[in-house]
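Chemist: If you scroll down you'll find the structure; I have some questions about it.
The values are calculated or read from the model by the stated rules, or taken from the named source; none is laboratory data. In this text the structure is predicted, and so the values were computed from the model without any measurement. So basically every Cβ, Gly included, is an ideal-geometry build from the backbone, and we count neighbours across all protein chains shown.
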């Protein structure tokens, strides 16, 4: 079975719960983006370390700023290693 051939229904379940505001994952090596799909912020980050392959300009980590009183607005941004040196 290839990835994407089976719909497990996980995203539908997340929408039904109506409390999930953000999904984040990483370690894709060459991609780094943030977007909104059906009201859920989706973040994908490149590598955080120097052992795996990838683009040095994308290495770093994502910061999440969440207002505990208003969790409907989550601000995220990347901090790249090159900017810290």
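Chemist: For a quick check of your reading of the model, give me the residue pairs whose first member lies in the range 67-85 and is touching a residue at least 40 places away in the same chain (Cβ under 8 Å) and at negative phi, whose second is surrounded by 10 or more Cβ atoms within 10 Å (Cβ to Cβ) and in a loop (DSSP other than H, G, I, E, B), with beta-carbon atoms closer than 8 Å and at least 6 apart or on different chains.
Modeler: Partner pairs satisfying both residue conditions: 71/21; 72/21; 74/21; 78/32; 78/45.
Chemist: To continue, here is another question. Does residue 63 satisfy the criteria of being loosely packed, with under 14 Cβ neighbours inside 10 Å, modelled with pLDDT of 85 or more and in contact with a strand residue (DSSP E or B) (Cβ under 9 Å, 6 or more places away or on another chain)?
Modeler: Details: loosely packed, with under 14 Cβ neighbours inside 10 Å: yes; modelled with pLDDT of 85 or more: yes; in contact with a strand residue (DSSP E or B) (Cβ under 9 Å, 6 or more places away or on another chain): yes.
For residue 63, the condition - loosely packed, with under 14 Cβ neighbours inside 10 Å, modelled with pLDDT of 85 or more and in contact with a strand residue (DSSP E or B) (Cβ under 9 Å, 6 or more places away or on another chain) - is met.
Chemist: Then there is this: May I ask you to list the residues in the range 67-85 that are out of contact with any helix residue (DSSP H, G or I) (no Cβ under 9 Å at 6 or more places or on another chain) and assigned to a helix (DSSP H, G or I)? Before the answer, list the steps.
Modeler: Taking the range 67-85 as the starting set, the residues that turn out to be out of contact with any helix residue (DSSP H, G or I) (no Cβ under 9 Å at 6 or more places or on another chain) are 67-77, 79, 83-85.
Of everything in the range 67-85, those that are out of contact with any helix residue (DSSP H, G or I) (no Cβ under 9 Å at 6 or more places or on another chain) and assigned to a helix (DSSP H, G or I) turn out to be 83, 84.
Chemist: On the given criteria, is residue 28 in a loop (DSSP other than H, G, I, E, B), free of Cβ contacts under 8 Å to residues at least 60 places away in the same chain and within 29 Å of residue 59 (Cβ to Cβ)?
Modeler: Details: in a loop (DSSP other than H, G, I, E, B): yes; free of Cβ contacts under 8 Å to residues at least 60 places away in the same chain: yes; within 29 Å of residue 59 (Cβ to Cβ): yes.
Criteria met by residue 28.
Chemist: Which residues, counting only those in the range 40-66, are in a strand (DSSP E or B) and at negative phi? It would help to see each step written out before you state the result.
Modeler: Within the range 40-66, the subset in a strand (DSSP E or B) is 40-44, 60-66.
Of everything in the range 40-66, those that are in a strand (DSSP E or B) and at negative phi turn out to be 40, 41, 42, 43, 44, 61, 62, 63, 64, 65, 66.
Chemist: Right, something else. Being closer than 22 Å to residue 69 by Cα and exposed (fewer than 14 other Cβ atoms within 10 Å of the Cβ) is the filter here, so list the residues in the range 22-37 that pass it.
Modeler: Here is the first cut: in the range 22-37, the residues closer than 22 Å to residue 69 by Cα are 22-24, 36.
Selection gives 36 alone.
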